[in-house]
Each structure stands twice: as structure tokens, then as C-alpha cells.
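The values are calculated or read from the model by the stated rules, or taken from the named source; none is laboratory data. What you are looking at is a predicted structure, and each value in this text was computed from that prediction instead of being measured. Positions of Cβ are backbone-derived with ideal geometry, glycine not excepted, and every protein chain shown enters the neighbour counts.
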Amino acid sequence: MEQKSFLQNLMATVPKFLPVAAVVWLIVKWFGLPVTICWGMAGIVIVYAILLSIPSKKFEEQSFVKNVGFKTPVVLVIGAGVWFGAEYFGFPIWWKIEFLAATFVALLFFLTLDLKPMQPEKKAANWVIRLLATYALASGIFIGITDQLPQFDPGVEIAKLEKPPLKLSAAAGPEVIAAGRQVFQDNKCFNCHKVFWEGNSDRGPNLGSKQIGLYSDDYIKEQILDPRANQSPGFEDKKSKKAMPTYYGDDLSKDEITALVAYLRTLRDPTHMPVEGKFGAQWTWWDDKDAIAEGKVVFEGLEPVTEGLNCSVCHGKEGIPLMQGALDFRKEDNMDTDKMPDHLAGVPMKDWPDSLWYKRVTRGIDGTPMGPWGMIFPHLYLWKAEAYARTFHDPLDKRTEKRPVPPVPTKEEIEKWQADELFLDPLL
Ligand code: HEC
Ligand code: HEC
């Protein structure tokens, strides 16, 4: 074979890449991928074209092992370049891995190209077709693998690329909450979690009806970063246990997580007991033995988080009031206090709406020792204490049926909570 110069080689090689470039361009346009990918691919291919064009005297005689030995370091250098280049342009981890993989696929291709039985093909233009075929095969494998990964959606990744990263210093208050909602939406949390009436499926708990906002920042954060640490009640089956993706810790920045948690903290319902369990087989805390057991601890003043709060000091450990005038929880026909302007007449305690329980216990009763506990203590624990208080007139082991799960609040109802100022600010 006649020895050609580097320039001659290059001039002969570059035109062969034109169809490749055209096809890549078409694919990118067709799938609406960012054009940046084209530049990345083009860069990789150009570097290989140059390398291929370096004249090598005994190219044909090189053994396979030597060939690998010669090309691997080059590929490693290119790989590192691709990786840090992608890093520089702020590509997410998945894209970086794919770019790196593309570099290695190219190595594979050039290695097979140099295998002896294939040598004649090297000169023919049809090796361009083989390059395409190699990439098509590799892409097929990538897509096959990534398809198996839970919830990997290129659309989401692309959307993330096109958005500037969230920087919290520029935002505060309602802006942080709105940004957190956007993070929730962008990361397809709605695919598995409803938030009250909104969302696509009930694979995971409805974070609105569950009132995830009652929990601490740290608890919510841990459930997102390490979803296997605590299983949500009613989601202990094998499939649900593994459903929640474990990659959010890698995908989300610190600011994104902060915003996400700020948004989730707003998911509360001042008119209903929290609802647990899988859609279709749900129950409320009124009948939840774990919530009630914790409520007893709060009621008796033994919960460290609510140190200083002790319902039993006034209402009695056995439900026999120790303080004159304190409500007797053993009498299911007790009426709502008449000391409050929004007094609910004619409804016995056993039929009180959840909203009345919540309002009285969080806001207190004017001019009495029954204080606005909700101004001081986290509402998570107050709901539980209320669920326990009910057991004095309606013991858990004597119940014949559970309280019905309330219908999911509508958009209008939720807007009305805000308008009617049913939430205490700040939310505890
Ligand atoms: C593929 C489905 C799926 C996706 C996507 C998903 N989750 Fe989950 N998630 C679940 C399931 C199922 C559970 C209940 C089982 C468990 O606790 O792991 C759960 C549990 C949770 C919990 C704990 C609830 C509790 O009772 O303590 C939180 C909080 C949560 N997810 C938030 C999120 C957020 C935020 C996102 C998006 C960034 C998200 N999830 C995306 C399926 C999903
Ligand atoms: C310092 C004493 C005291 C403590 C502590 C206390 N209460 Fe009371 N509570 C009262 C008194 C007194 C009333 C009756 C007020 C009235 O109607 O005059 C009352 C009334 C109530 C009522 C009836 C509201 C209504 O609509 O009439 C509920 C429910 C209640 N308490 C729940 C609780 C719970 C739950 C706790 C613990 C988280 C608690 N209380 C802690 C003194 C106390």
C-alpha cells in the first residue's frame, strides 16, 4: 500500500464523515435534542479522523494487542476531555456517562476496523456505514439499559439542560416554594405522587392527603435522598418498597432539595386528619394504631419534641378531668365550647368535624387555660393527641368500622383554606 502524508489522509477521510454528520444532525433534529450534542459528537469524530490520518508505516502489520496498546491511552485522554468538557457545560451525570461511553464505542469501532480480515474495508467508503451501524447498535444497548432504569426520561434531562440551575440566594419565601414545586414537577414526582387532586398516578402516597408538610425538614429530606430508610405506611409490599428512585441525591443540587422540601412543607390540610396507605385501601389517623400510640405519649407529656405540653395535666390521664371546666373526653355527647365566636351548635363530640378538633387544639379557647398549642408545638403531634383523645369515648378495640376516608380536597377547597386563613403562620 502506498504511503500517504497526513494531509492527504485527512483530505481523504473528512468527506467520508459528511454523511455521518448529516445523519447525526437529522437524528438530533428529529428527536428535538439540544444541538450541543451535535458539537460533542462532531468533536469526537473529528479527533478520531485526525488520529486515523496520522501515517503509520507498519499499520497493517501491527498486532491486535499493539493496536489496543496504541489506541487505549489516546481514548483515555479523549475520554477525560469529553468528561470535563461535559462538566464545564453543566451536563448532568447521565449525559456525561453517555458521552464517555460514546468515546469507548468509537474505540471499539476503530479496533475492529484494524482487524486483519477487515483490512480491505478500511479503504472502501462503506466503513462509514459500519461506523453508523456501530453507533446504532451501541445506542440500542444504551436505550435498552436506560429504559430499565426507573423513570429515566431523556425529556426531563433535556429540560434540565435548558434551564439555568436553581440558585436560592436570588429567591426567598413564596419564590422558594414555587421553585420547589417546579423541582417536583421537573423530576416527575407527579408520576407517582398525587398532591391532593393533582398528579398522574397513585403508585406512591398522595403527599397532600398524607400531609407530608407536617413532618420535619430532615425527615422529608431523608425520605427523598434515602427512600428505603423508612417505608410509608401501607406501602410495605415488595413492588412499592423499590418504586421510589434512589438517584435524587445525585440529580438534585443542594438548593433544589432545599426548595423541594420548602414546597413539601406547605402540603397540609387544616380540615382533615392525615390519610395513610395506598389509594383504594386508605385509612385516617383516627383509626391508626401507631398514630394513636404516639398520641398517647404526647397527651401524657412524654414526647421530647413537645416538651412542656401535657394534655393530661388538665384533661386527666384516664380522661377524668383534673382541672375544673376542662373537657371530659369520656362523654361523646359533649358540645363545642360556647366561648368562641365560631361556636358549632348542636353537634356532639363524636360527630365533630376534624376541622373543629384541629382549630380548637391549635388556636385554643379564648380566656381559658386551653391554650393555642398550635402556635408553639408541631401540628404533627397535635393531630396524634386528638386521635388519642377520641379513644376515651370510643376505644380502638371496640370499634366496628373505620372512619371513612374523606374525599380528596378540590382545588377550590384548597384555595378557600388560604382565603379563610385556616393555616397558622408560620406553619409548625
Ligand atoms: C416511580 C415512582 C416514584 C417517583 C418517581 C417518586 N416517588 Fe416518592 N415514593 C414512591 C413510593 C412507592 C413511596 C412509598 C414507599 C416508600 O416509602 O419508599 C414513596 C415515598 C415518598 C416519600 C415518603 C412518604 C412518607 O410516607 O414518608 C416522599 C417524601 C416522597 N416519596 C417524595 C418524592 C419526591 C419529592 C419525588 C420526586 C423528586 C418522588 N417521591 C418521586 C414512589 C415514587
Ligand atoms: C392547661 C390545661 C389544659 C391543657 C394542657 C389542655 N387543655 Fe384542652 N381544655 C382545657 C380546658 C379548661 C378546656 C375547656 C375550655 C372551655 O370550653 O371553657 C379545654 C377544652 C378542650 C377541647 C374542647 C374544645 C371545644 O370545642 O370545646 C379539646 C378538644 C381539648 N381541650 C383538647 C386538648 C388537647 C388535645 C390537649 C393537649 C394537646 C389539651 N386540650 C391540653 C384545658 C387544657
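Applying the set (1) exposed (fewer than 14 other Cβ atoms within 10 Å of the Cβ); (2) at pLDDT 95 or above to Lys239 leaves exactly one unmet item: (2). Determine which member of the set Leu427, Leu380, Leu344, Leu327 is in a loop (DSSP other than H, G, I, E, B) and under 30 Å from the mean Cα position of the chain (by Cα). On inspection, the qualifying residue turns out to be Leu427.
Among the residues of segment 307-336, those that are more than 19 Å from Leu382 (Cα to Cα) and free of Cβ contacts under 8 Å to residues at least 60 places away in the same chain comprise Ile320, Leu322, Met323, Gln324, Gly325, Asp333, Asn334, Met335.
Results for (1) within 9 Å of ligand 1 (Cβ to nearest atom); (2) more than 21 Å from Asp288 (Cα to Cα); (3) out of contact with any Cys (no Cβ under 6 Å at 6 or more places or on another chain), shown as yes or no for each residue.
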{"position": "Lys188", "(1), (2), (3)": "yes, yes, yes"}
{"position": "Phe196", "(1), (2), (3)": "no, no, yes"}
{"position": "Gly204", "(1), (2), (3)": "yes, no, no"}
{"position": "Gly208", "(1), (2), (3)": "no, no, yes"}
{"position": "Tyr219", "(1), (2), (3)": "yes, no, yes"}
{"position": "Phe235", "(1), (2), (3)": "yes, no, yes"}
{"position": "Tyr248", "(1), (2), (3)": "yes, yes, yes"}
{"position": "Thr271", "(1), (2), (3)": "no, no, yes"}
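Every condition in (1) in contact (Cβ under 8 Å) with a residue 24 or more places away in the chain; (2) part of a helix (DSSP H, G or I) holds for Val297 except the one numbered (1). Among the residues of segment 326-348, those that are more than 8 Å from ligand 2 (Cβ to nearest atom), touching a helix residue (DSSP H, G or I) at 6+ places or on another chain (Cβ under 9 Å) and closer than 18 Å to His393 by Cβ comprise Asp328, Lys331, Glu332, Asp333, Val347.
Scanning segment 383-424 for residues that are part of a helix (DSSP H, G or I), in the same structural domain as Ala291 (by TED's automatic domain parsing) and in contact (Cβ under 8 Å) with a residue 12 or more places away in the chain yields Trp383, Lys384, Ala385, Glu386, Ala387, Tyr388, Ala389, Arg390, Leu396.
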